[in-house]
1. Based on what the data block shows, is A:THR52 open to solvent by 70 Å² or more (accessible area, probe 1.4 Å), of a type in the set (Val, Ile, Thr) and within 14 Å of chain B (Cβ to nearest Cβ)?
2. Kindly evaluate A:ASP96 against the criterion of being charged (D, E, K, R) and at pLDDT below 95.
3. Give the residues of the stretch A:91-110 that are away from chain B (no Cβ under 14 Å) and either closer than 20 Å to B:SER95 by Cβ or surrounded by 17 or more Cβ atoms within 10 Å (Cβ to Cβ) (or both), sorted by residue number.
4. Could you check B:ILE12 against (1) surrounded by 16 or more Cβ atoms within 10 Å (Cβ to Cβ); (2) part of a strand (DSSP E or B) and say which number it fails?
5. Output the residues belonging to the stretch B:31-44 that are at the interface with chain A (Cβ under 8 Å from one of its Cβ atoms) and farther than 14 Å from A:GLY43 by Cβ.
6. With respect to A:LEU98, determine if the residue is out of contact with any Asp or Glu (no Cβ under 8 Å at 6 or more places or on another chain) and either hydrophobic (A, V, I, L, M, F, W, C) or on the phi > 0 side of the Ramachandran plot (or both).
7. From the list B:SER15, B:SER50, pick out the single residue that is without any contact (Cβ under 8 Å) to a residue 40 or more places away in the chain and among the hydroxyl-bearing types (Ser, Thr, Tyr).
8. Taking the stretch A:70-85 as the search range and keeping residues that are surrounded by 13 or more Cβ atoms within 10 Å (Cβ to Cβ) and in a loop (DSSP other than H, G, I, E, B), which one is nearest to the other protein chains (Cβ to nearest Cβ)?
Amino acid sequence: DAKTTQPNSMESNEEEPVHLPCNHSTISGTDYIHWYRQLPSQGPEYVIHGLTSNVNNRMASLAIAEDRKSSTLILHRATLRDAAVYYCILRDVTTDKLIFGTGTRLQVFP
Amino acid sequence: GAVVSQHPSRVICKSGTSVKIECRSLDFQATTMFWYRQFPKQSLMLMATSNEGSKATYEQGVEKDKFLINHASLTLSTLTVTSAHPEDSSFYICSARQFGNEQFFGPGTRLTVL
């Protein structure tokens, strides 16, 4: 299973943009890049996913490097409710499995 | 997004008893469901993949006789922890996927074995 590397933690102030990096140098051509986030004692929540092109939705944007070996989740204006553990995951389309790494714990300060 | 529920949300049981956890997709039919386990301050660990009408596929190191999975319908999968022991205490989370779409996660079930 292809692996991802993320910083253990990051901090942000409220209303500021947040860029959460993820390295996935062993990504294969058919792996999708998924981002989920998890609040304490809750199940993960889908944030965004992409394959090659940058993606935008109401929650966030996903910027994917041209060689696909890294990606960045962008929260345009952090709120206190965005404080969570963010997981960058590669999904193998042949198995559909999501193999979670350690994630990045995002703290947002007022 | 689609809604996935789990029942119960938390359960406390005595060592040696069996516990059943239900995972339901409320507004879609899930061709595949997944079961995860999460220990405190750790990431989610995939336990098994469950396809409707067929046997579950377990990840390496997960005992199939201890963690019984049944996916009897397109909206329901169950995980039974048999002869539970304190080391089985964990947060169990399911996810459900409709063919070609995203996986959606349930809220989790906290199991405490005394």
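The values are calculated or read from the model by the stated rules, or taken from the named source; none is laboratory data. The shown structure was predicted, so the numbers you read here are calculated from the model rather than taken from an experiment. Neighbour counts are summed over all protein chains in view; Cβ atoms, including those assigned to glycine, are modelled from backbone coordinates with ideal geometry. The area values use the complete protein model at the heavy-atom level, side chains included, leaving out ligands, DNA and RNA. Shrake-Rupley method; radii C 1.70, N 1.55, O 1.52, S 1.80 Å.
1. No; evaluated as a whole, the condition is false for this residue.
2. For A:ASP96, the condition - charged (D, E, K, R) and at pLDDT below 95 - is met.
3. Listed by number, the residues that qualify are A:LEU106, A:VAL108.
4. (1)
5. B:THR32
6. Criteria met by A:LEU98.
7. After ruling out the rest, the residue left standing is B:SER50.
8. Going through the qualifying residues, I end up with A:ALA83.
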